[in-house]
């Protein structure tokens, strides 16, 4: 899971880079390990958050019409894979990638067999860029033509036919333009916007609104859009074998609540998901015994509002989040995760004391955060603890760009829901139902053909 941005403008000054940096800040929740930016001929990338990665770098001299940016949530620990990445064949091509490719082994063999290219890293992003560059060089050599839109179309079709996994991509091709590509199932989001003199591509709509761009539309699954540098023309190419099946976890956890992905507002989807869980609580529990609802900040607040609409219990701020601690879910080091969970959340004793409390969280992965919250509630005098997970049971790893741990590390591994409740130390535990969530979201937005839900199966 990462965040990507591309901007192409009629302007050629340093304001484009500054605008891109501002946009990356709105996507910081999608990756906090590293940040990078690139123009046609310059790349700057460093570990850390956006506000720190470029703090000691003078960007005033970066005058450009095109730039791309990336915030990284690493699914492996190799810092050499910080993006953007670039290649110089058949001309300088720079790329940012959000997602994860799962057939890297066969793709490396393809590169070796077709182009005699051997890669020494395990970066799936480098494989995509190398395939793109090699195929483009092959086509240009074969046709004996300078680079055309038709070449790009043929190359991206080649990618769609050979890449298995998720990939939202933005490219800068030197002296040609900006190219946006989304995988044929639209697993990872990508949205297109414009203002009076510039065009933007971003992982989430919140970037566009923050930078005062008008939303044009989402990039379609399997679509390639080319924004030409010289004349501003836009070219569209669609892959015929495409379906819209985005990652369900985007709507549950990753995306910001003020974003709209594939015509569905995240806030609206989370209210609906919360209502579904509230309806299940009303069927399975005696909710009259619940005194208050306490959401886990921040992602669960919207879900809790939906639950409240159904069970009609007061909602209270009982947990306080330290805003200076980053998302622990996407941290890699287990000891660091546990340390930062303790730093991240504290409680308000008067909210819990002598009350039956319904704690609402977006999901339960390893159980570390849940246990910490439950301990807070117990230590502060809660009589009974009801715990609601707005996501279904997470029972599998995720191959498409979310660093879910191995199955054995999941709290659900070899445990029933009753066993999970006992492990967490709660009196009552309830999970949302996968089929109910997907049906409801497809009812709200009929454009969906389904969802990528492998982590819940």
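The values are calculated or read from the model by the stated rules, or taken from the named source; none is laboratory data. The model shown is predicted, which means the values in this text are computed figures rather than measured ones. We place every Cβ from the backbone using ideal geometry, glycine too, and count neighbours over all the protein chains shown.
From the list 271, 252, which residue is without any contact (Cβ under 8 Å) to a residue 60 or more places away in the chain, part of a helix (DSSP H, G or I) and not assigned by TED's automatic domain parsing to the domain that holds residue 174? Walk me through it before giving the result.
Values: 252 fails: without any contact (Cβ under 8 Å) to a residue 60 or more places away in the chain.
After ruling out the rest, the residue left standing is 271.
Run residue 400 past the list (1) surrounded by 18 or more Cβ atoms within 10 Å (Cβ to Cβ); (2) without any contact (Cβ under 8 Å) to a residue 60 or more places away in the chain; (3) out of contact with any helix residue (DSSP H, G or I) (no Cβ under 7 Å at 6 or more places or on another chain); (4) closer than 23 Å to residue 270 by Cα and report the number of the one that doesn't hold.
Condition not satisfied by residue 400: (2).
If only one of 253, 237 is touching a strand residue (DSSP E or B) at 6+ places or on another chain (Cβ under 7 Å) and either modelled with pLDDT under 95 or surrounded by 16 or more Cβ atoms within 10 Å (Cβ to Cβ) (or both), which one is it? Can you show your working first?
Details: 253 fails: touching a strand residue (DSSP E or B) at 6+ places or on another chain (Cβ under 7 Å).
Of 253, 237, the one residue that is touching a strand residue (DSSP E or B) at 6+ places or on another chain (Cβ under 7 Å) and either modelled with pLDDT under 95 or surrounded by 16 or more Cβ atoms within 10 Å (Cβ to Cβ) (or both) is 237.
In region 396-408, is there at least one residue being modelled with pLDDT of 95 or more and more than 19 Å from residue 310 (Cα to Cα)? Spell out the reasoning first.
Start the filter on region 396-408 by keeping residues that are modelled with pLDDT of 95 or more, which leaves none.
Among the residues of region 396-408, not one is modelled with pLDDT of 95 or more and more than 19 Å from residue 310 (Cα to Cα), which makes the answer no.
Are any residues in region 202-228 under 20 Å from the mean Cα position of the chain (by Cα) and free of Cβ contacts under 8 Å to residues at least 60 places away in the same chain, and if so, which ones?
Answer for region 202-228, where residues must be under 20 Å from the mean Cα position of the chain (by Cα) and free of Cβ contacts under 8 Å to residues at least 60 places away in the same chain: 205, 208, 209, 215, 217, 218, 219, 220, 221, 223.
Residue check: is residue 365 touching a residue at least 24 places away in the same chain (Cβ under 8 Å), in a loop (DSSP other than H, G, I, E, B) and out of contact with any helix residue (DSSP H, G or I) (no Cβ under 7 Å at 6 or more places or on another chain)? Before the answer, list the steps.
On the way: touching a residue at least 24 places away in the same chain (Cβ under 8 Å): yes; in a loop (DSSP other than H, G, I, E, B): yes; out of contact with any helix residue (DSSP H, G or I) (no Cβ under 7 Å at 6 or more places or on another chain): yes.
Yes; evaluated as a whole, the condition is true for this residue.
Residue by residue, here is whether (1) surrounded by 24 or more Cβ atoms within 10 Å (Cβ to Cβ); (2) within 23 Å of the chain's Cα centre (by Cα); (3) closer than 17 Å to residue 246 by Cβ holds:
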{"position": "141", "(1), (2), (3)": "no, no, no"}
{"position": "146", "(1), (2), (3)": "no, no, no"}
{"position": "150", "(1), (2), (3)": "no, no, no"}
{"position": "164", "(1), (2), (3)": "no, yes, yes"}
{"position": "172", "(1), (2), (3)": "yes, yes, no"}
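Which residue out of 135, 142, 51 is more than 30 Å from residue 16 (Cβ to Cβ) and assigned to a helix (DSSP H, G or I)? Give the derivation first.
Values: 135 fails: more than 30 Å from residue 16 (Cβ to Cβ); 51 fails: more than 30 Å from residue 16 (Cβ to Cβ).
None of the other options fit; the residue is 142.
Could you tell me whether any residue of region 114-130 is in a helix (DSSP H, G or I) and surrounded by fewer than 17 Cβ atoms within 10 Å (Cβ to Cβ)? If you could, list the steps in order and put the result at the bottom.
Restricting attention to region 114-130, the residues satisfying the condition of being in a helix (DSSP H, G or I) are 114-115, 124-130.
Filter again for surrounded by fewer than 17 Cβ atoms within 10 Å (Cβ to Cβ), leaving 114-115.
Checked region 114-130: at least one residue is in a helix (DSSP H, G or I) and surrounded by fewer than 17 Cβ atoms within 10 Å (Cβ to Cβ).
Can you find even one residue in region 430-444 that is out of contact with any helix residue (DSSP H, G or I) (no Cβ under 9 Å at 6 or more places or on another chain), free of Cβ contacts under 8 Å to residues at least 12 places away in the same chain, part of a loop (DSSP other than H, G, I, E, B) and not assigned by TED's automatic domain parsing to the domain that holds residue 183?
No, that holds for no residue.
How many of the residues in region 282-313 are over 23 Å from residue 349 (Cα atoms) and modelled with pLDDT under 95?
Counting residues in region 282-313 that are over 23 Å from residue 349 (Cα atoms) and modelled with pLDDT under 95 gives 0.
Can you name the number of the only condition in (1) touching a strand residue (DSSP E or B) at 6+ places or on another chain (Cβ under 6 Å); (2) surrounded by fewer than 24 Cβ atoms within 10 Å (Cβ to Cβ) that residue 200 fails?
In the conditions (1) touching a strand residue (DSSP E or B) at 6+ places or on another chain (Cβ under 6 Å); (2) surrounded by fewer than 24 Cβ atoms within 10 Å (Cβ to Cβ), residue 200 misses (2) alone.
Only one residue in 169, 208, 159, 163 is touching a strand residue (DSSP E or B) at 6+ places or on another chain (Cβ under 8 Å), over 20 Å from residue 102 (Cα atoms) and in the same structural domain as residue 143 (by TED's automatic domain parsing), so which one is that? Quick ask: steps written out before the conclusion?
Working: 169 fails: over 20 Å from residue 102 (Cα atoms); 159 fails: over 20 Å from residue 102 (Cα atoms); 163 fails: over 20 Å from residue 102 (Cα atoms).
Exactly one residue qualifies, and that residue is 208.
Here is a yes/no grid of residues against (1) surrounded by fewer than 19 Cβ atoms within 10 Å (Cβ to Cβ); (2) outside any strand (DSSP E or B):
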site	(1), (2)
4	no, no
7	no, no
12	yes, no
17	no, yes
20	no, yes
37	no, no
46	yes, no
61	yes, yes
70	no, no
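Report yes if some residue within region 420-427 is buried (at least 21 other Cβ atoms within 10 Å of the Cβ), touching a residue at least 12 places away in the same chain (Cβ under 8 Å) and under 30 Å from residue 186 (Cβ atoms); otherwise report no.
no
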